[in-house]
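This report concerns only the one structure given below.
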Amino acid sequence: MNQLSDRINSLATSATLAMAAKARELRAEGKDIIGLSLGEPDFNTPDFIKNAAIEAINQNYNSYTPVDGYVELKEAIIKKFKRDNNLNYTLPQIVVSTGAKQSLANIAAVMLNPGDEVILPCPYWVSYSDIVKLSDGVPVEVQTSIDNDFKMTAEQLEAAITPKTKMIWYSSPCNPSGSVYSKAELRALADVLKKYPNIYIVSDEIYEHINFKGGHFSMAEFEDMFDRTITVNGVSKAFAMTGWRIGYIGAPDWIARACNKMQGQITSGANCIAQRAVITALEADPSSIKYMVDEFKERRSLILNLLSEIEGFKTNEPEGAFYVFPNISSYFGKTIKGKTINNASDFSLFLLEEALVATVTGEAFGNKDCIRISYAASQNDIKEAIKRIKTALS
Ligand SMILES: Cc1ncc(COP(=O)(O)O)c(C=O)c1O
């Protein structure tokens, strides 16, 4: 008999991790799978950051850390917010966590009461919906259109607001669509939110530096939104540090204090060595990671060109992150190689089994017509993967 809680029984398994596990299984059977499902840079952490970690070990950084992070790290975060985002946070407004994922879980736990609604423009990052549900919140999906670059309009936001709306969560650059909200687009959303002073905003900026056009704007830069916005960021993507597990927030201090309290009962402070290394990462000039961004940009052109040669793939032009999110709904209802494709999950599974390419169904991101393809892979792998997809579909 299942003795587990209703909470865990109703939780979805992270679709990106599930796809990675399935790909690993097939690999173990000897199949040559190309993995384009994971949201993880395929670079090594830069040497100057690794060296800072080695130094921290030798300097005996081994004790519990302050729950909200070392003061030196929080100071480096404050400088980073000022330098890159023109945001003026103070020490009590910063909380360092074990990845931005924990930052988001803290926020949900401290902000949501049962039944509170959280507006999620679709497609949204895979875990938002379940993190909200874990805290008894209710995700409210707002469907956007590929023709509007998968961005939520002010009218759509206003239509989704109810008396129960507590928050809105979005990422820009967006995982999975790669869309980047401009200052004007954010202002239009802020003008709606101005009318509803009890709604709080999570602006997830973890892909900030992986931006091909430049021009990152933070919601909190608007003076009238600063006290209502929680800016989430981290080092996983920009510095190729996914396994180091450091994320952070800048937030109104009452929210930061609550996150600190929550974290103090769950995990305590984040890893000591990783925190010391991140001080060095954040103090470095962002040009130190430009070589990775340049490479992602080249791969983006490559994959967009290759995908344009396959019938039935409709894509937007992602301006940031390292994903494409093609609409493949023209394949729905078709039977290929004896397999009927009725939805994006069928399509993604078809690609795994028939092309040996791992992608993620858009359903995991709240969009049932698309799949997510990560181009955090070598150019050779990208070329080979798209060739296989083309062959399998022809
Ligand atoms: C939009 C977005 N937010 C947050 C995270 C979590 O990042 P972290 O590795 O810091 O937990 C991810 C990771 O995939 C992400 O894509």
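The values are calculated or read from the model by the stated rules, or taken from the named source; none is laboratory data. Everything quoted here is computed from the prediction, not taken from an experiment. Quick reminder, even Gly has a Cβ in these numbers, built from the backbone with ideal geometry, and neighbours come from all protein chains shown.
Among the listed residues Lys183, Lys151, Lys194, identify the single one that is in contact with a strand residue (DSSP E or B) (Cβ under 9 Å, 6 or more places away or on another chain) and basic (Lys, Arg).
Answer to the selection: Lys151.
At least 2 residues that are closer than 27 Å to Ser135 by Cβ and within 16 Å of the ligand (Cβ to nearest atom) in each: list the helices (runs of 4 or more DSSP H) lying fully within the range 1-103 that qualify.
Because the criterion is at least 2 residues that are closer than 27 Å to Ser135 by Cβ and within 16 Å of the ligand (Cβ to nearest atom), the helices (runs of 4 or more DSSP H) in the range 1-103 that meet it are 15-28, 71-85.
Could you grab the pairs with beta carbons closer than 8 Å, sequence gap of 6+ or different chains, first residue in the range 375-388 and in contact (Cβ under 8 Å) with a residue 40 or more places away in the chain and part of a helix (DSSP H, G or I), second one hydroxyl-bearing (Ser, Thr, Tyr) and surrounded by 21 or more Cβ atoms within 10 Å (Cβ to Cβ)?
Ile382/Tyr375
State all residues of the range 226-235 that are in a loop (DSSP other than H, G, I, E, B) and either surrounded by fewer than 20 Cβ atoms within 10 Å (Cβ to Cβ) or not assigned by TED's automatic domain parsing to the domain that holds Leu87 (or both); if no residue qualifies, say none.
Asp227
Output the number of residues of the range 171-225 satisfying the condition of being surrounded by fewer than 22 Cβ atoms within 10 Å (Cβ to Cβ), within 16 Å of the ligand (Cβ to nearest atom) and part of a helix (DSSP H, G or I).
The total comes to 0.
Quick check on Lys82: is it basic (Lys, Arg), closer than 26 Å to Lys237 by Cα and in contact with a strand residue (DSSP E or B) (Cβ under 6 Å, 6 or more places away or on another chain)?
no
What tally of residues in the range 105-140 results from selecting those that are in contact with a helix residue (DSSP H, G or I) (Cβ under 8 Å, 6 or more places away or on another chain) and in a strand (DSSP E or B)?
8
Based on this model, can you work out whether Val118 counts as more than 27 Å from Arg83 (Cα to Cα), in contact (Cβ under 8 Å) with a residue 40 or more places away in the chain, among the β-branched types (Val, Ile, Thr) and surrounded by 22 or more Cβ atoms within 10 Å (Cβ to Cβ)?
yes
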